[in-house]
Each structure stands twice: as structure tokens, then as C-alpha cells.
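Let me begin by presenting the structure, written as C-alpha cells, before commenting on it.
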Amino acid sequence: MARFYSNENFPLPVVEELRRLGHEVLTIQESGEAGRAVTDEVVLEHAISGGRAILAINRKHFIRLHREKPEHHGIVVCTVDADFAGQAARIHAAVGAAGDLRGKLIRVNRPAS
């Protein structure tokens, strides 16, 4: 299973479901960095130093960071999705299919309605 660091705006119900699926997820709130206006660059550095892949909703910023700093432990960018359990299941499946996440950008989109 994957080790993740979730960005501040990432939905907690998705985090909880990913944990139930066996993933280890540290939230930015649990790390003590929430509410400090921490930049995405610093979030990525925390994830790298902890050997964790990023979970993020703010896709454009992390896609840019992936291009600028490809030496990371994975970045999973998602669209906003009110189906938290479904989103967690799609992340779980995408990460399982990807294997080693190092240096990879994985996009998880909500299904078309």
C-alpha cells in the first residue's frame, strides 16, 4: 500500500477511506502545518522528506511542480468529487496499477455523469 501526504484542501472522508483500504495517509493537519499558508513547494518538500506521495485537489500547481521537480515519491492529483468512497476507490485502483510511484504523476478524475 502507498504512503501519502494529503494537502490541506484534500477531503478528509477520502483520507479515511484510503486508510480503511490499507494506505498510510498523513494529513497536513496532523503534521501541524495546516493554516500556515504553506506553499505547495513546501508541501512537496515535506512529502519528499517523509518518503510520501502527495494527494492533492489543486491539480495545476502540483502538475507544474511535477515538471519542475520530478524527483518525488509520487503525486496524485484529483478532481473535486462528492463521492468520497468512489474517489478513494479510484485512487486505490490507480495507485495499484501504477506500481512504484516514485517520479510519477497520477491523475484521478471523477467519472462523467
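Quick notes on this one:
- Using alpha carbons only, the radius of gyration of the range 3-108 set against its Kirkwood radius gives Rg/Rh = 0.92.
- Gain upon complete extension [V38, T79; 0.36 nm per residue less C-alpha separation]: 12.7 nm
- Rg/Rh (Cα only; Kirkwood hydrodynamic radius) as it applies to the range 65-113: 1.01
- Approximate spin-label separation E16-H46, in nm, with each point projected 7 Å along Cα-to-Cβ: 2.1
- The trypsin sites (Lys or Arg not before Pro) of the range 1-78 that meet both conditions, a loop assignment by DSSP and at most 12 other Cβ atoms within 10 Å of the site Cβ, are R36.
- Taking one quarter of the surface of the C-alpha convex hull of the range 1-45 gives a mean projected area of 3.1 nm².
- Length released on extending from A89 to S31, taking residue separation times 0.36 nm less the Cα-Cα span: 18.4 nm
- Cβ-based net charge around E24, under 10 Å, with every Lys or Arg adding one and every Asp or Glu removing one: +3
- Given R0 = 35 Å, the distance between the Cβ atoms of K69 and A112 translates into a calculated FRET efficiency of 0.65.
- Report summary: the helix-based calculation at 222 nm, which adds -39500 (n - 2.57) for every DSSP H run with n ≥ 4 and divides by the residues of the chain, gives -12000 deg cm²/dmol.
A short reminder: the numbers here are calculations on the coordinates, not readings from a lab. Note that this is a predicted model, so its numbers are computed, not measured. As a convention, Cβ positions derive from the backbone with ideal geometry for all residues, glycine included, and neighbour counts pool all protein chains shown.
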